[in-house]
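The values are calculated or read from the model by the stated rules, or taken from the named source; none is laboratory data. In this text the structure is predicted, and so the values were computed from the model without any measurement. All Cβ positions, glycine included, derive from the backbone under ideal geometry; neighbour counts span all protein chains shown. For accessibility, only protein heavy atoms count, side chains too; no ligands or nucleic acids. Shrake-Rupley method; radii C 1.70, N 1.55, O 1.52, S 1.80 Å.
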Amino acid sequence: MSDLPESRRTAARRGFRARIVLWIVLALVLLLIFAVAWVGARGLLAKRHLEQSVALVSSLRSEIAEGDDAATRRTAEQLVDHASSARRLTADPIWSAAQQTPFFGSNLRAVREIAAVVDDVATGTVQPAVGIVGDIGGDAFAPKDGRIDLQRLIDVQPLIGEVTKSLQVASTRADAIDTGSTLSPVTSAVNRLRNALEPVSQQAATANKVVQLAPAMLGHDGDRDYVLLFQNNAELRAGGGIPGAVALLQVKDGAISLGNQAAGSSFGPYEKPVLPLSPETTSLYGDITGRYMQDVNLTPRFDVTGALAREMWKQKFGQQVDGVLAIDPVTLGYILRATGPVQLPTGDTLTSDNAAKLLLSDVYAKYPDPAVQDAFFASAASAVFEKVSSGGFDTKAFIGALTDGTKDGRLRLWSADEAEQKQIAGTAVAGTLPTASAETREFGVYLNDGTAAKMDYYLDKKVSVGSSVCRKDGRPTSVVEVTLKNTAPADAATSLPRYVTGGGDFGTEPGKIKTLVAVYAPKNGIYLGASQDGKGAALQTATDGEHPVAQIQTLLAPGQSTTFRVAFLGEAKFAKAGVQAESTPGVRQTKVEPLQFDCAEPVPVG
């Protein structure tokens, strides 16, 4: 019995140790509960600040569009406050420690990175950008006394460059956020951030290029001369429309004026192409691309078009210009929204509502003589240009008009200066072939008129594109579908002017529309097959550089339509990229629609 006290002492010690362990466990549990509560509470607050940031971004867009500088500055300050609060709430030591826990840690880490990116964008991009808007105002490109003040653009070049770099860094950081094991709401938030940053970053890069290039191209460092092509969409070319009128655009330190004007038909035919053409261009579009000014844009490559037009101008007038621009009557209509109606020497009134119809249809019935038509086009372009160059327009509406024209593919620019052209390449005005990236695979649908008349005013076009991984090797199959319809009246052969129908002079029966349709895939694609109206298609397959091309000729009577489908195989590394298509801009702009297809038969042939 002597050992009983010792047993009790041992038991007591064990009980004491157990109580200590229990207290430690309870303390840890309490600490964990506290940490979870702390992180949870701060997470909810951070979520509210981030949601408020999103709402403020929407407000900013409206205020910038309305030109309300005071409201824009206030909203930007609120955005910075909310974004910085969200960052602080997710950057304390407890949050950082919680990031190391299994499962929840990856979610907390992603939320912290979202808050950090949003804060960096607010402080490093939005705030400086609002300052830029206030400094240069919406009228930076508005001429005063016939001249644009280029110094204002030069002054903001460094700041816009910094904003662009900040956005690019933010976009890269957002792409690097690991969502491999995050919850659905967190993954969705990261994707929304990425989707918001990518287009804004691209737009900023484009704006930066404009501001960096504009002063020199507008004559700040010396006089500039450009050939201006007025493209007529009633007779389609891959790059837009036939260059019916051509003019010289002269620029001197921000002052812009029109010089010589000539009909496109007055250039050529030249005995041989004015510049060497690639075998691919000759194969697809013929050597006439380099022999007639009216055919320089048969190719969708505007860098080729620009070089050919420049050389033809030189051979006709003995003048070496610095670049080439292209515009069409639809864009003139957009610009008339900003200038208001203009009176023409003929007595006609040109408005935003009637510009396309008057310039692309009515003119042929009203003025049957082609020489008078050319003069009418030139006078219309001159009248609009004079109003713009005098500053007689609404700046916001004018910028919107240029934006719409660029988005539609109706504005093109090429510079003979290699450094400038390198900056232009890849932008919406460059007129380059489709590209592929991890985000987007682009396809091109280019139309060339084969009627040798102005029947394309009545040509309706619908383009659809879709993609799916149909093979075990992971390479995506993409299908492009093009539907064309001749909407001319049934009696078009007799009711429309001979100049519009062609009168059968060029091998096409009056009233019918002949069209060459070329579908381009991105580089390294592989042509799989094609069909027309569910049957085998007689077509030309070729390449333009590294781009596979499928080209077909269609002939449509009034009321008739046809559907052309072509399938390409892409690279596996771009399988998850979205697909889109650009197409030759016609009289009416068409929206590209999504396309669903059966992997077993992507191009049904009956």
Which one of 391, 409 is assigned to a loop (DSSP other than H, G, I, E, B), more than 22 Å from residue 309 (Cβ to Cβ) and touching a residue at least 24 places away in the same chain (Cβ under 8 Å)?
391
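Restrict the check to segment 448-459 and report whether at least one residue is of a type in the set (Lys, Arg), buried (at least 18 other Cβ atoms within 10 Å of the Cβ) and closer than 30 Å to residue 216 by Cβ. Write out each step before concluding.
Initial filter on segment 448-459 (of a type in the set (Lys, Arg)): 454.
Narrowing further to those that are buried (at least 18 other Cβ atoms within 10 Å of the Cβ): 454.
Filter again for closer than 30 Å to residue 216 by Cβ, leaving none.
Checking segment 448-459: not a single residue is of a type in the set (Lys, Arg), buried (at least 18 other Cβ atoms within 10 Å of the Cβ) and closer than 30 Å to residue 216 by Cβ.
Given the criteria under 30 Å from residue 148 (Cβ atoms), part of a helix (DSSP H, G or I) and open to solvent by less than 10 Å² (accessible area, probe 1.4 Å), does residue 215 qualify? Before you say what the answer is, go through the steps one by one.
On the way: under 30 Å from residue 148 (Cβ atoms): yes; part of a helix (DSSP H, G or I): yes; open to solvent by less than 10 Å² (accessible area, probe 1.4 Å): yes.
Yes, satisfied.
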Of the listed residues (158, 143, 199), the one being of a type outside the set (Gly, Ala, Ser), open to solvent by 30 Å² or more (accessible area, probe 1.4 Å) and at pLDDT below 80 is 199
Scanning segment 303-329 for residues that are in contact with a Lys or Arg (Cβ under 6 Å, 6 or more places away or on another chain) and open to solvent by 10 Å² or more (accessible area, probe 1.4 Å), the one nearest to residue 395 (Cα to Cα) turns out to be 322
Residues satisfying the stated conditions in segment 76-113, i.e. within 15 Å of residue 183 (Cβ to Cβ), hydrophobic (A, V, I, L, M, F, W, C) and surrounded by 18 or more Cβ atoms within 10 Å (Cβ to Cβ)
98, 108, 110, 111
Which of the residues spanning segment 538-561 are surrounded by fewer than 18 Cβ atoms within 10 Å (Cβ to Cβ) and under 21 Å from residue 298 (Cβ atoms)?
538, 540, 541, 542, 543, 545, 546, 553, 555
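Yes or no, residue by residue, for (1) open to solvent by 10 Å² or more (accessible area, probe 1.4 Å); (2) farther than 23 Å from residue 433 by Cα; (3) free of Cβ contacts under 8 Å to residues at least 12 places away in the same chain; (4) more than 27 Å from the chain's Cα centre (by Cα):
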| site | (1), (2), (3), (4) |
| --- | --- |
| 229 | no, no, no, no |
| 238 | no, no, no, no |
| 254 | no, yes, no, no |
| 260 | yes, yes, no, yes |
| 263 | yes, yes, no, yes |
| 271 | yes, yes, no, yes |
| 277 | yes, no, no, yes |
| 287 | yes, no, no, yes |
| 295 | yes, no, no, no |
Residue selected from segment 562-591 under the condition within 13 Å of residue 465 (Cβ to Cβ) and assigned to a loop (DSSP other than H, G, I, E, B), by the criterion most open to solvent (accessible area, probe 1.4 Å)
591
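From 382, 390, grab the single residue that is of a type in the set (Ser, Thr, Tyr) and open to solvent by less than 60 Å² (accessible area, probe 1.4 Å). Walk me through how you get there before you give the answer.
Details: 390 fails: open to solvent by less than 60 Å² (accessible area, probe 1.4 Å).
Matching residue, one of 382, 390: 382.
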Among the residues of segment 334-356, write down those that are touching a strand residue (DSSP E or B) at 6+ places or on another chain (Cβ under 9 Å) and closer than 30 Å to residue 268 by Cα.
344, 356
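What are the residues in segment 171-189 that are part of a helix (DSSP H, G or I) and either open to solvent by 70 Å² or more (accessible area, probe 1.4 Å) or over 18 Å from residue 200 (Cα atoms) (or both), if any? Even if it seems obvious, please write down each step before you answer.
First, pick out the residues of segment 171-189 that are part of a helix (DSSP H, G or I): 171-176, 184-189.
Across segment 171-189, the qualifying residues are 172, 173, 175, 176, 184, 185, 186, 187, 188.
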Report the residue count in segment 435-447 for those that are among the aliphatic types (A, V, I, L, M), at pLDDT 90 or above and open to solvent by 30 Å² or more (accessible area, probe 1.4 Å).
1
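This table checks each residue for (1) open to solvent by less than 30 Å² (accessible area, probe 1.4 Å); (2) modelled with pLDDT of 90 or more; (3) of a type in the set (A, V, I, L, M, F, W, C); (4) out of contact with any helix residue (DSSP H, G or I) (no Cβ under 7 Å at 6 or more places or on another chain).
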| site | (1), (2), (3), (4) |
| --- | --- |
| 396 | no, no, no, yes |
| 399 | no, no, yes, yes |
| 403 | no, no, no, yes |
| 412 | no, yes, no, no |
| 422 | no, yes, no, yes |
| 427 | yes, no, no, no |
Return the pair list, or none, for Cβ contacts closer than 7 Å from residues in segment 525-536 that are within 8 Å of residue 565 (Cα to Cα) to residues that are of a type in the set (Gly, Ala, Ser) and not in a strand (DSSP E or B), at least 6 apart or on different chains.
530/537; 531/537
